[in-house]
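Asks: Just passing along the structure, written as structure tokens.
The values are calculated or read from the model by the stated rules, or taken from the named source; none is laboratory data. All values derive from a computational prediction rather than experimental measurement. Every residue, glycine as well, gets a Cβ built from its backbone with ideal geometry; the counts of neighbours run over all protein chains shown. Areas reflect the complete protein model, heavy atoms only, side chains present, ligands, DNA and RNA absent. Shrake-Rupley method; radii C 1.70, N 1.55, O 1.52, S 1.80 Å.
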Amino acid sequence: MVVETVAIAIWAMLPAYIPNNVAVLAGGGRPIDGGRTLGDGKRLLGDGKTWRGTAFGTVAGIVVALLLNLLHGPFTGVTELGVPAFPIHAAVALAFGAMLGDILASFLKRRTGRERGAAFPGVDQLDFVVVSLLLTLLVATGWFLETFTLPVLVAVFVLTPVLHVSTNAIAFALGLKDEPW
Ligand code: CTP
Ligand code: MG
């Protein structure tokens, strides 16, 4: 039961988990804010949010959703777990919402005087999940309510910080990321 809930949580959130990791690998080039600063003298977003990272991250999340759909029974439309296939608008919302959450967090970090790469405990671990889920609830309401039952949502909020901290620590150890958070 718990194992099943956790499995559904991971399955349904994979299209939201992948984008940030792909952005780390694909990032670089022109920053989204084009170098602009706001009245507080701080960057709008900073050099850590690039067009390339965002685009590759979003596309990767969508592709993952489509690949997961291939694992579904062709006639039932659901997996062994009972998760309905990702409609394309749910896939886009999960993936793009994750990138958007991370971008909004950088906006908040800059406004609170945190330099690029500074840790923002709590926000760093959950920003992308919250925005990803909200956007998905908005654009794919039926799928969202069918998939994210209360126990699954609880699993998402417990698991995500654990997965986030561990994948970032691994990326740091491998030299892919400048900080371990
Ligand atoms: N990245 C990107 N575009 C994004 C998100 C991430 O290019 N939308 C890349 C950047 O190279 C970034 C790296 O992934 O440096 C790590 O992402 P993250 O930790 O979110 O950015 P930080 O550099 O730590 O910047 P910030 O303090 O704004 O979070
Ligand atoms: Mg960072």
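Asks: Counting every Cα pair in the stretch 127-181, what percent are over 19 Å apart?
Replies: I get 43 percent for the Cα pairs in the stretch 127-181 exceeding 19 Å.
Asks: Please work out the FRET efficiency for the pair Asp47 and Leu67, using the Cβ-Cβ distance as r and a Förster radius of 25 Å; give the result to the nearest 0.05.
Replies: Step by step, r from the Cβ atoms, then E = 0.20.
Asks: Subtract the Cα-Cα distance of Arg116 and Leu163 from 0.36 nm times their separation in residues, and report this length gain in nm to one decimal.
Replies: Fully extending the segment from Arg116 to Leu163 adds 14.7 nm.
Asks: Further question on the same structure: Quick check: the angle from helix 88-111's long axis to the longest principal axis of the chain, C-alpha only, nearest 10 degrees?
Replies: Taking the Cα atoms of the chain, the angle to 88-111 is about 30 degrees.
Asks: Sorted by accessible area with a 1.4 angstrom probe, largest first, how do Leu145, Leu135 fall?
Replies: Largest accessible area first, the list is Leu145, Leu135.
Asks: Taking 7 Å along the Cα-to-C-beta vector as the label spot, tell me the Val6-Ile88 distance in nanometres, rounded to one decimal.
Replies: Label-label distance for Val6 and Ile88, simple model: 3.6 nm.
Asks: How big is the convex hull of the Cα atoms of the chain, per residue, in Å³?
Replies: Measuring per residue, one finds 114 Å³ for the Cα hull of the chain.
Asks: Scale the Cα Rg of the stretch 37-96 by the rule-of-thumb value 2.2 N^0.38 Å and send over the ratio, two decimals.
Replies: Relative to the 2.2 N^0.38 Å estimate, the stretch 37-96 comes out at 1.66.
Asks: Give the Rg/Rh ratio for the stretch 103-159, taking Rg as the radius of gyration of the Cα atoms and Rh as the Kirkwood radius, to two decimals.
Replies: 1.09
Asks: Compare Trp51, Trp181 by solvent-accessible area with a 1.4 Å probe and give them largest first, with all protein chains kept in place.
Replies: Trp51, Trp181
Asks: Please compute the Cα-Cα pair-distance distribution of the stretch 58-137 with 5 Å bins starting at 0, giving whole percents from short to long.
Replies: Over the stretch 58-137, the share of Cα pairs per 5 Å bin runs 3, 16, 20, 17, 15, 12, 7, 5, 3, 1, 0 percent.
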